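Computed from the coordinates by the stated procedures, all read-outs in this text should not be read as laboratory data. Just so you know, these numbers come straight off a predicted model, no measurement behind them. Positions of Cβ are backbone-derived with ideal geometry, glycine not excepted, and every protein chain shown enters the neighbour counts.
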């Protein structure tokens, strides 16, 4: 008898432990199929997560248990096709003004709901919807059909389908918030700067409260979720957080995410030709940045003087999500990039790029990403927030003692190369020491952000950066 048949039988009956066993047994196969089809670790991870959700919801309909491996392979293949259809181009040029129009490509709330609840509760939620909304949601989430396919099947414009599903997602998010108050939704990107929430999540037993960790592939996606109250907390560049706070999104800077951690890399041929006068050679170059309002823009402008009146010149910015930096550089879509690690280390390892400077050489012990929490959440869930901050501080100590294990955690949560992540930690290219916010450092960074023209007035630090509660 095939060894997977017994856990398959129990999982089909709703046993979540048996489902977890199936995931453990078949995750390697699913990941292999996804990587072969997508050639991208991050996209493959998204496809596998979606495939296992689809498997969980559709297991009761499997008529031939012996064919489960073949059935799962077909689900993974279909999931890969959906990921490719909906994935926007890797290069994002949208500014903060355009966040309302950006697609939300993070994990869907339905997937969060299914991961932590039972299949029956998912189906009960879908059954509670009115006819047109239920049909669109079932076709999207249970049958995995594209917007265009649903539009054709229901005879409704694609725009209407998208609006209906958007309303469904918002209703589900509100339902989750009222159903489970002991939960914290945290957003992060696949960069070394954001390692602490990953380590804290890995070491958290989800007993006293739940942490719902959500990966984003670009800053506009994460900002959109934070502004629309789909996150309670997030790792975010301090400059972006200051802009959001000044525009009315009440945020609290509760911890520094790290110190240092970014690198400026260029094409190898450019590194060879530039000699040591990096600043003047970068003038006129096309440089990849993670966002127009990034800390990296602040450093280039205020520290290196690029683009400043009387400075050495300016550069042509191209706004690219961190996970697309190496790919864009290798295609010669830009001359270099300034971004968080481990992407510069990975660029050197692939032969596409060469590190010129590290951010710690330009602004030692600088702050880039910080952990923020929404002001309303901090006020109504202060005890939960305190518990979470203690976990993050404990994660910082863990990373210092166990860099290799921390790199393996980062690779699991982000899909980045484990060896590159370990190199960054072992060499101390990013620091997680002394991350309780210091008013002097906060004010210094705020002044730099204002000098760079990213904020037009100082931030109210009494509200934005009160004393750390732990």
With N residues in the range 1-87, Rg(alpha-carbon) / (2.2 N^0.38 Å) equals 1.06
What residues of the range 24-63 lie in the reach of a label at residue 84, counting those whose backbone N is under 12 Å from a point 7 Å from the Cα along Cα→Cβ? 34-40
When the distances between all Cα atoms of the range 311-463 are binned every 5 Å from zero, what whole-number percent does each bin get? 1, 7, 12, 16, 18, 17, 15, 9, 3, 1, 0
Report the paramagnetic label zone for residue 438: residues of the range 395-431 whose backbone N is under 17 Å from a point 7 Å from Cα along the Cα-to-Cβ axis. 430-431
